[in-house]
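Below: the structure, in structure tokens.
All of the numbers you see were taken from the coordinates with simple rules; none came from a lab. All values derive from a computational prediction rather than experimental measurement. Glycine gets a Cβ as well: all are built from the backbone with ideal geometry, and neighbour counts include every protein chain shown.
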Amino acid sequence: RSRRMRMTSVQRKRIRPIEFSPPLIIPDGDTGHGGEHHIRNLVKKFVENKIGAIHIEDQRSGSKVCGHQGQKVLVSTSEMISRLNAARLQYDIMNVPGVIVARTDSDDATAIDSIDDDRDHPFVYGATDPEIVPFKNVSLAVIRSFYQKGFKEINGHLLYRISDKAYADAEKWLKKERLDERISEGVQRIKKESAALKKLRYQARRTGEGQRDVREQLAAVEITVKKVTEETVDGTLAGIRHAWAEKARLMTFADAVAAAISAGQHKRKLTMSVERWKKFANSVSHAEARERAKAMGVDVFWNWDLPRMPEGFYVITGGRDMAIARGLATAPFADLIWRETAKPDLSDDKAWADAIHAVFPEKMLAYNLSPSWNWDVWGFTDEQIRGFANELGKMGYVFNFITYGGHQTEALMNGRLARALKEEGVLGFVRLIQRALRLAHDPAQFPLTFVGGDWADRFRRAARGPSLTTSSMGGKSTETQHRKAVEVPTSVLEKWLRMWAEHWNKQGVYNEGDLSVELKERWAGSEDMMLNLFDEAHDKIAEIIFRVDKDRAGRRFLAVKDQNTVKKYRARRLMTLMHFFLLHRFKTDLVHYVSPTDDNRLSVRRMIQNGVFRESRTDDPNIIAMEVDTARGQKIFANDESIKRFIARQFKPSDRFTESRRAGTHDA
């Protein structure tokens, strides 16, 4: 604002205002990091730092993982609502209309820490095999087996205490299912790697452990042994967990009763269909559902304690249905609701959004366009990825974001800069950073102004008055170096365009006001660039898509990939002026037209006529290649009069063009 106050009205109109006020920040409140008091303090700290928003999720503190990692453990629905209420209460106390985003990880969760809330019961898995051994005992028995084989670092079972009988029953079950063989295979694999390490240590003692190569070899083998041990134990447990789940025939209570009904295992005439039963069971507590099942003559074995994990967590189904239930439960207590998902799937996203809006039509939804997804493996085209957020917006996802895009951007750019400095020295910094900043017209290209140097001077001048003689932005400031034009600025083309507009205004062809120029990357990070022309209403009237590079001989060439002009301004030398500017700015030796059109061929003939191009090759239908007559071009660019004559079609064709035309060698 301070800088814009010092601009003229024309400058303010042409220069886009930049808002330097703090942006909307919705910080990651995670699980709240504890109980209600922790959430209260977290919200308080955010507000004190001018942040009036927070997102809170329904994972369990202490077991919290990234939303795109496995083995997520949820808290009960009531606990999640309590977290949201605690945040809202603190906002109310501080008289702040804070924004609360309620996130659920239930779409891909595998466990829940309690079954206190009836709303969670329909999603809890239970074992339907009455002969199955509790999973907790089986899991601890597997870990103890490795421990008893001499691997004392594998000792997680010592955190718990179960009876010898419980261990014996679990080991008997493992043997019965021949799962003890998997444990034996894992033990042998670790022993093999450990034996190699033991042998290497023995050799090191004989040859001398002080040798650097020996120490490095030992360290590498030790790391390998640790890695193999972890992978073996984890793999063995995962395989046995899967086998146990199959034998236990895990399912929800609603599905267990539905399976019994379908199999004809009911003692009296049914009062409802399977579909009606599932709808009922998914809306009531387990106790009420079991009571109704018994009334229907269906009494199945189903136990949700048998699958419990050593930590005491209950196994759940997760998925969209649970995410819908969580979203509906938390919607009245949050401003936006967010479902964390494992992949970009518009049909699934719409189903969830429709279910929420069926009950809360105006509810705002949030969506994580996650960097954790590999967007390219899901079969999307570039156009589909480009329009993905727009499609979400139509469904009511009004807050779309990328969670750690900034983190990855820093890693990418810092890595590129480090490589550029290593390979090219300071040129790497100049090419990758300084030139890119100038092309983007980024405020950071003026480093001292960017950090407030000019504002600081004005502040000191206001405080000291005329006595201030030590301006930091004075003549010795290196900022002046960045104010000097290195490349031919776009203002040169804008000056030419004022002449063009004046000429064609008199002819009654153009009356759309001042023309403006935009030179930029085709898209962020692209090596292709765009030169755009806009009228005063900022409607685009012409564009060139191009790239500047060097060939194997070191000659700079301008590769024109596409060019377009509004029809009524064609054949008015507007596009030719744009080409002149690119040649003037980039000092190219050659021009290539890629996949040339008839308009390109016409442009080539005219540029040869004007003597800017020496010759052209058209033997390849996919490209036209020309040499640039730099000296001839500079005559045209030399002064305003030569440009005016060219615009008015008074520029005399070159002698070379006349001679080639007489000889019949001109490219048509």
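Here are a few things to note about the model shown:
- Averaging the Cα positions of each part gives two centres, and for the stretch 71-133 and the stretch 223-297 these lie 21 Å apart.
- The Cα atoms of the stretch 490-663 define a convex hull whose projected area, averaged across directions, is 10.7 nm².
- Within the stretch 74-165, the trypsin sites (Lys or Arg not before Pro) that combine a DSSP coil assignment with at most 12 other C-beta atoms in a 10 angstrom radius are Lys152, Arg161.
- Vicinal HN-Hα couplings computed from phi for the stretch 232-245 (Karplus, 6.51 cos²θ - 1.76 cosθ + 1.60; Hz; Gly/Pro x): 5, 5, 4, x, 5, 5, 5, x, 6, 4, 5, 5, 4, 4
- The alpha carbon centroids of the stretch 416-445 and the stretch 298-342 are separated by 50 Å.
- Cα pair distances in the chain, grouped into 20 Å bins until the bin that holds the longest one, percent each: 13, 30, 29, 21, 7, 0
- Residue order, fewest to most beta carbons within 10 Å, for Asp562, Asp305: Asp305, Asp562
- Across the chain, Cα pairs under 8 Å and at least six residues apart give a relative contact order of 10 percent.
- Qualifying lysines (Cα of each under 25 Å from Cα of Lys540; at least 8 residues distant if same chain): Lys13, Lys495, Lys506, Lys520, Lys561, Lys567, Lys568, Lys644
- Length-normalised contact order of the stretch 135-248 in % [C-alpha pairs under 8 Å, at least 6 apart]: 29 percent
- Among 536-549, 423-436, sorting by the average number of other beta carbon atoms lying within 10 angstrom of each residue, highest first, gives 536-549, 423-436.
- Three-way shape call for the stretch 135-248 based on the alpha-carbon gyration tensor, with the a/c threshold at 1.5: prolate
- Nearest-ten-degree value, helix 598-609 long axis tilted from longest Cα axis of the chain: 30 degrees
- Distances between placed amide hydrogens fall under 5 Å for Tyr125 paired with Val315, Ile316, Thr317, all partners being 5 or more residues away or on another chain.
- Most positive-pole-ward Cα, Thr31, Ser76, Gly186, against dipole of the chain from beta carbon charges: Thr31
- Of all beta bridges that DSSP places with both ends in the chain, some 60 percent have antiparallel geometry.
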